[in-house]
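Here the structure is laid out as structure tokens; the discussion comes afterwards.
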Amino acid sequence: MSETSNWRLVPVKAALSALRSFSGSAFAERTGRGVIGNVVASGTQVLDRFGAEHEESGKWIVYTSADSVFQVAAHEATVPLPELYRACGLAREMLMGEHAVSRVIARPFEGRAGDYRRTAHRKDFSIAPVGTTLLDRLAAKGIARVGIGKVDDLFAGRNITSEHTPTNGDAYRMIEAAFETLATGFVFVNVVEFDQTWGHRNDVTGFHQGLKELDAWLPRLEARLEPDDLVILTADHGNDPTTPSTDHSREIVPVLVLGPKVRPVALGTRKTFADMGQTVAEFFGVERLAAGTSFLSEVWAGAGAA
């Protein structure tokens, strides 16, 4: 669950304002490179449109999308990754206050004109959460937190560290390893390909294959569950690969709960994503969060929380 669904801070108009009044001058001055783009577009569109010009000029490609983000794209053979990350760090410092956006995203890519491809070296620079999160509550009680995927970036690294994974399969293997080694704790996972690789690219075949791979892997997860383990599967937003748009879709997302002591009940349509955070807070016995209604009593057949 990223900040785009749990604590969305700034509407898209802020990102548009940032593009118009910030990116063309102050950002170029601070980073020593010019800027091209300044558009609302998908990642593939901006690479097709500006990639060759970027390679020739060395200027940053900057753009936004349907989310509150400021994205900076650069070819890895044109701009070294450390320089791209430094530039995005500067942008994060600058995009606060009036022009604040939820995330600045480094978008490195490779390839040639007509065949540009994003690499696995994306890095997100988020605003720190404005209130107390589940991660804060768990940390205060000394409960271990294991991050898999980009969850640390989404919470500005506050009370979570994470190993990023280029593929879903990598994330699944790391989940198995965490369950083998962690006695008690919270494993927080973002599997990236449903969104980044297939959803945004409108790759229906890839998405379908990814779902089949997830279905095939779930028995391996279930085999590793201890009697008091609780697993919640969800999505932080929709990303329907069959729609004309390459942006996030906003349909209701699933919430699936499993574990040896989980009762098969219908949870209905929840009012907020915060219900899941509140459920996990109750499960671990930490102080209630400011928002959300726990559904632990509805699903948990055990005598008490962990």
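The values are calculated or read from the model by the stated rules, or taken from the named source; none is laboratory data. Fair warning: this is a prediction, and the values are worked out from it, not measured in the lab. Note that we place each Cβ from the backbone using ideal geometry, even for glycine, and neighbour counts take in every protein chain shown.
Numbers at a glance
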quantity	calculated
Complete set of residues in the range 126-148 that are touching an Asp or Glu at 6+ places or on another chain (Cβ under 9 Å) and either among the basic types (Lys, Arg) or surrounded by fewer than 21 Cβ atoms within 10 Å (Cβ to Cβ) (or both)	ILE127, PRO129, THR132, ARG137, ALA140, LYS141
Which listed residue is in the same structural domain as HIS121 (by TED's automatic domain parsing), in contact (Cβ under 8 Å) with a residue 60 or more places away in the chain, over 11 Å from LYS123 (Cβ atoms) and surrounded by 17 or more Cβ atoms within 10 Å (Cβ to Cβ), from HIS99, HIS75, HIS54	HIS99
Filter result for the condition that a residue is at pLDDT 95 or above and assigned by TED's automatic domain parsing to the domain that holds GLY285, over VAL146, VAL151	VAL146
Qualifying residue in the range 260-275 (condition: more than 15 Å from PHE186 (Cβ to Cβ), hydroxyl-bearing (Ser, Thr, Tyr) and outside any strand (DSSP E or B))	yes
Hits in the range 32-63 (condition: among the aliphatic types (A, V, I, L, M) and in contact with a His (Cβ under 8 Å, 6 or more places away or on another chain))	ILE36, ILE61
Among (1) in contact (Cβ under 8 Å) with a residue 24 or more places away in the chain; (2) outside the structural domain of ALA73 (by TED's automatic domain parsing); (3) surrounded by 18 or more Cβ atoms within 10 Å (Cβ to Cβ), the one test that ARG122 misses	(2)
Verdict on VAL286 being assigned to a strand (DSSP E or B) and closer than 22 Å to ARG145 by Cα	no
Some residue of the range 202-218 being farther than 30 Å from PHE109 by Cβ, of a type outside the set (Gly, Ala, Ser) and surrounded by 17 or more Cβ atoms within 10 Å (Cβ to Cβ)	no
VAL46 vs. criteria surrounded by 22 or more Cβ atoms within 10 Å (Cβ to Cβ) and in contact with a Leu (Cβ under 8 Å, 6 or more places away or on another chain)	no
